[in-house]
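The values are calculated or read from the model by the stated rules, or taken from the named source; none is laboratory data. In this text the structure is predicted, and so the values were computed from the model without any measurement. Cβ sites come from the backbone with ideal geometry, for glycine too, and all protein chains shown count toward neighbours. Accessible surface areas use protein heavy atoms only, side chains included; no ligands, DNA or RNA. Shrake-Rupley method; radii C 1.70, N 1.55, O 1.52, S 1.80 Å.
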Amino acid sequence: LYPNAPSLNVDTRPVGVDFPFYEGWLVNSTNKGLFSVAADSFFNHSDRSLSLMVLYLARYASGLTPSTVVQFSPVIACPLLVLAVYFFVMEADDSGCTPSLAAFLTVSSFHVSVGLFAFFLSNWMALIELYLFMGFYFSWLRKKSPVRMAAALLLSISLLFTHSWTWG
């Protein structure tokens with residue numbers, strides 16, 4: 001929200017390089033059905049198909065304009081990133097205040113500032129999935145739960161369709 005503050009962005013221009021792409025894709029998918037949108041995202045934008053579907057479902061569920069959905073998606077993505085890092089560090093190294101310190105450093109990291117100002121939403125969603133995957137993987141190493149391993153496997157596969165460059 002900070003880059004969109006009226007004192008900084010007087011003309012209320014979209015912030016970030018990817019903002020027009022996400023907004024344009026949501027505008028083009030406005031009058032299409034779910035299966036048509038899914039086919040379009042998976043065949044024409046296979047590098048970030050799942051993140052586009054998340055934005056489409058958020059727009060469909062909320063009824064907001066495409067611009068509003070894209071503009072306010074960091075309000076959800078940023079806290080989710082912080083919680084995912086907290087979960088990952090808590091499962092990897094359960095020593096006192098380390099998870100809290102990692103969460104605090106995430107809030108002040110370049111992932112958040114670049115995510116807000118460059119609008120790399122697919123990258124943010126993939127980082128959330130990556131930290132959750134690693135958290136479930138480390139949890140599985142300790143507890144040997146098949147449910148945790150299945151969650152890690154599903155998150156790893158979904159990471160491929162959210163932002164393929166983060167997976168590879």
Could you say whether any residue in the stretch 80-95 is in contact (Cβ under 8 Å) with a residue 40 or more places away in the chain, within 22 Å of VAL15 (Cα to Cα) and open to solvent by less than 50 Å² (accessible area, probe 1.4 Å)?
yes
Only one of LEU116, LEU80 is farther than 23 Å from LEU155 by Cα and either in contact with a helix residue (DSSP H, G or I) (Cβ under 8 Å, 6 or more places away or on another chain) or modelled with pLDDT of 90 or more (or both), namely LEU116
With the checklist (1) surrounded by fewer than 18 Cβ atoms within 10 Å (Cβ to Cβ); (2) under 26 Å from ASN28 (Cα atoms); (3) not charged (D, E, K, R) in hand, flag the one item SER100 doesn't pass.
(2)
Does the stretch 105-153 hold any residues that are of a type outside the set (A, V, I, L, M, F, W, C), buried (at least 19 other Cβ atoms within 10 Å of the Cβ) and either touching an Asp or Glu at 6+ places or on another chain (Cβ under 7 Å) or over 18 Å from VAL82 (Cβ atoms) (or both), and which are they?
SER122, GLY135, TYR137, SER139, ARG148
Please go through the stretch 96-141 and give me each residue that is touching a residue at least 24 places away in the same chain (Cβ under 8 Å) and on the phi > 0 side of the Ramachandran plot, ordered by number.
PHE119
Scan of the stretch 30-44 for residues that are open to solvent by less than 30 Å² (accessible area, probe 1.4 Å) and out of contact with any Phe, Trp or Tyr (no Cβ under 6 Å at 6 or more places or on another chain), ordered by number
ALA38, SER41
